[in-house]
Structure formats: C-alpha cells, structure tokens
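J.: Next up is a structure, given as structure tokens.
The values are calculated or read from the model by the stated rules, or taken from the named source; none is laboratory data. As the structure is a computational prediction, the values presented were derived from the model and not from experiment. As a convention, Cβ positions derive from the backbone with ideal geometry for all residues, glycine included, and neighbour counts pool all protein chains shown.
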Amino acid sequence: MAHDTHDIHRSRAEFEFIKKKRAAEMRGQLTSFAMMIFLTLIAFTLVAADFSTYLIVPIILLLAAIQVVLQLYHFMHMSNKGHGMMAFFMFSGMFVAFMTIIAMVTIVWW
C-alpha cells in the first residue's frame, strides 16, 4: 500500500514537471511568433513608406533570415535536447551556402 502512494506522488510530481516544461515551451513559441509578426510588420512598413529599393531589399533579406532562424529554433524544436548535432550541420550548411552566394555576387559585381 505504501508503495502505491509513493508511485502516485512521483507520477504527480512528474506530471507537474512536464506541465511546467510544456508551458515554458509554449511561452517561447508564442514569443517567437510575436517577434516574427513584428518583423513582418516592419517589412511591410518599409515597403509602404516607399523607401529606396537599395535600402529595402537588404533589410527585408535580413529580417527574413532572422525569421528563418526563429522558425527553425522554436517551431522545428531545435532548442530541445538531442538536436545539437543536427542543428550544427544545418547551420553550417547555411553558412557555407551564404558564403558561396556572397562570393558569386562579389565575382559578378566587381
């Protein structure tokens, strides 16, 4: 009988821990979503303000890159344990692709 009571308390403690962990994860996802909406509003405002294209395009590309990182980190659960190596290779591949694009653009423009 005492053994059953111990299991009930342990499972209730585990349930509370999981509940707090999920609430924190949901809070992070909602914060990330709000940031992405804000970044999108900045992009729309820049276009609506009719600034120069040479100013708008790099800023929108930067905002898009930030949104991609936020989406990968929170919505694709890259922040969870066990995804470190996969995140390393994915971000390394993105870095190599970015450097390749920069190199090709530099070769063509200069």
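J.: Quick check: anything in the range 60-70 polar (S, T, N, Q) and either over 13 Å from the mean Cα position of the chain (by Cα) or in a helix (DSSP H, G or I) (or both)?
T.: Yes: the range 60-70 contains one or more residues that are polar (S, T, N, Q) and either over 13 Å from the mean Cα position of the chain (by Cα) or in a helix (DSSP H, G or I) (or both).
J.: Which one is surrounded by the fewest Cβ atoms within 10 Å (Cβ to Cβ), of the residues in the range 57-110 that are hydroxyl-bearing (Ser, Thr, Tyr) and either closer than 25 Å to Leu30 by Cα or in contact with a helix residue (DSSP H, G or I) (Cβ under 7 Å, 6 or more places away or on another chain) (or both)?
T.: Filtering the range 57-110 down to residues hydroxyl-bearing (Ser, Thr, Tyr) leaves 73, 79, 92, 100, 106.
Now drop any that are not either closer than 25 Å to Leu30 by Cα or in contact with a helix residue (DSSP H, G or I) (Cβ under 7 Å, 6 or more places away or on another chain) (or both), which leaves 73, 79.
On the way: Tyr73: 16, Ser79: 14.
Here the answer is Ser79.
J.: Somewhere in the range 43-54, is a residue exposed (fewer than 11 other Cβ atoms within 10 Å of the Cβ), modelled with pLDDT of 90 or more and among the aliphatic types (A, V, I, L, M)?
T.: yes
J.: Need pairs with beta-carbon distance below 6 Å; first residue in the same structural domain as Ser32 (by TED's automatic domain parsing) and aliphatic (A, V, I, L, M) and within the range 61-78, second surrounded by 13 or more Cβ atoms within 10 Å (Cβ to Cβ) and not in a helix (DSSP H, G or I); sequence gap 6+ or separate chains.
T.: These pairs meet every condition: Leu72/Met78.
J.: Please enumerate the residues belonging to the range 67-104 that are of a type in the set (Ser, Thr, Tyr) and modelled with pLDDT of 90 or more. Steps first, please.
T.: Looking only at the range 67-104, we keep the residues that are of a type in the set (Ser, Thr, Tyr), and these are 73, 79, 92, 100.
Scanning the range 67-104 gives Ser92, Thr100.
J.: Scan the range 20-53 residue by residue and report those that are polar (S, T, N, Q) and part of a helix (DSSP H, G or I).
T.: Kept after step one, since they are polar (S, T, N, Q), are these residues of the range 20-53: 29, 31-32, 40, 45, 52-53.
Residues satisfying the conditions are Gln29, Thr31, Ser32, Thr40, Thr45, Thr53.
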